[in-house]
Amino acid sequence: MIICKAKDYKDLSRKAANIISAQVIMKPNCVLGLATGSSPVGTYEQLIERYKKGDLDFSCITSVNLDEYKGLAPDNDQSYRYFMNTNLFNHVNIDKTRTFVPNGLEPDSGKACREYDEIIEKAGGIDLQLLGLGHNGHIGFNEPSDAFTNGTNCVNLTESTIEANKRFFESEADVPRQAYTMGIRSIMMSKKILVVVSGEDKADILKKVVCGAITPKVPASVLQLHPDVTIVADDAARSLL
Ligand code: GLP
């Protein structure tokens, strides 16, 4: 596990974008696992800038996103598909037919999860998976539990996650209670993993993830077992390490 030190959010975003850029340059037809949340927004801005300068080409990239709220349509401005379109896909030359997000509109959870696992498998697995970190240690929407998840699964969001994500919705009642998420096993099968962590409010959980016991109660702690993980964290997030 490499901890890459960043001064602040801007520095973190630049460094994370450097790592993704290197991946795209070295393997132009790679599969990128992408994430939502506030943490990767600056990284996406940097990637867009580099694309506009002519330094990056996304035309052969395939992307698979970590998660999606169950019940939200792609054009709902709170859906993760909408987030990805507005924060990245609409601004670079990626072929949108090769960008995948779990199907939030599929009411049959078993079907939605099976189909998403097939998409990941057909793509040949993930070359580089970008992750944010939830305050309770979740990755994707894999919440603390008694066992690590395998493939894509439908989760009941915890109160802490609903609380953290309500800032994006009109009210807490509007936050969907369930989501489809790539499983821990699928994340761990990625060749490389890049985690972006910013802010003092993530310091405590980052310490548990990096130095604590490997336990499904802190889902991201499993990353300690992956052979190629880089965590880019700013000074505030690293303050307890
Ligand atoms: C959400 C997403 C996660 C994300 C997490 C942290 O729950 N499903 O993928 O990593 O929030 O978000 P933020 O980066 O805004 O703190």
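The values are calculated or read from the model by the stated rules, or taken from the named source; none is laboratory data. Fair warning: this is a prediction, and the values are worked out from it, not measured in the lab. Please note: Cβ atoms are built from the backbone with ideal geometry, for glycine as well, and neighbour counts cover all protein chains shown. The accessibility values were calculated without ligands, DNA or RNA, using every heavy atom of the protein model including side chains. Shrake-Rupley method; radii C 1.70, N 1.55, O 1.52, S 1.80 Å.
Step by step: first the residues of the stretch 1-42, then only those that are part of a helix (DSSP H, G or I) and closer than 16 Å to SER190 by Cβ, then the one that is most open to solvent (accessible area, probe 1.4 Å). Which residue is that?
Residues of the stretch 1-42 part of a helix (DSSP H, G or I): 9-26, 41-42.
Then drop every residue that is not closer than 16 Å to SER190 by Cβ, which leaves 16, 19-20, 22-24, 26.
Details: ALA16: 0, ILE19: 55, ILE20: 4, ALA22: 41, GLN23: 23, VAL24: 5, MET26: 157 Å².
Going through the qualifying residues, I end up with MET26.
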Original post:
Just wondering, is there one or more residues in the stretch 46-59 that are of a type outside the set (Asp, Glu) and under 26 Å from LEU157 (Cβ atoms)?
Top reply: no
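Take ASN93 and tell me if it is exposed (fewer than 15 other Cβ atoms within 10 Å of the Cβ) and touching a residue at least 24 places away in the same chain (Cβ under 8 Å). Outline the logic, then answer.
Numbers: exposed (fewer than 15 other Cβ atoms within 10 Å of the Cβ): yes; touching a residue at least 24 places away in the same chain (Cβ under 8 Å): yes.
Yes; evaluated as a whole, the condition is true for this residue.
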**OP:** Kindly indicate which of ASN85, ASN90, ASN103 is within 25 Å of ASN29 (Cβ to Cβ), more than 14 Å from the ligand (Cβ to nearest atom) and in a loop (DSSP other than H, G, I, E, B).
**Re:** ASN103
**OP:** Consider only pairs whose beta carbons are under 7 Å apart and that are at least six residues apart or on different chains; among these, list those whose first residue lies in the stretch 13-29 and is farther than 15 Å from VAL92 by Cα and whose second residue is among the small types (Gly, Ala, Ser).
**Re:** SER13/GLY42; LYS15/ALA6
Original post:
All but one of (1) in contact with a Ser or Thr (Cβ under 9 Å, 6 or more places away or on another chain); (2) part of a helix (DSSP H, G or I); (3) more than 28 Å from ASP8 (Cβ to Cβ) hold for GLY124; which doesn't?
Top reply: (2)
**OP:** Tell me, please, whether a residue that is at pLDDT 95 or above, surrounded by 16 or more Cβ atoms within 10 Å (Cβ to Cβ) and closer than 30 Å to GLY54 by Cβ can be found in the stretch 101-120.
**Re:** yes
Original post:
So which residues in the stretch 165-197 are open to solvent by 30 Å² or more (accessible area, probe 1.4 Å) and either under 16 Å from ASN136 (Cα atoms) or not charged (D, E, K, R) (or both)?
Top reply: LYS166, PHE168, SER171, ALA173, GLN178, MET188, MET189
Subject >> Unique match (being assigned to a strand (DSSP E or B) and under 21 Å from ASP11 (Cβ atoms)) among VAL196, VAL209 >> reply: VAL196
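Does LEU32 qualify as being in contact with a Gly (Cβ under 6 Å, 6 or more places away or on another chain), within 15 Å of the ligand (Cβ to nearest atom) and among the aliphatic types (A, V, I, L, M)?
no
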**OP:** Please work out which residue is modelled with the highest pLDDT, limiting yourself to the stretch 145-168 and to residues that are outside any helix (DSSP H, G or I) and within 11 Å of the ligand (Cβ to nearest atom).
**Re:** VAL155
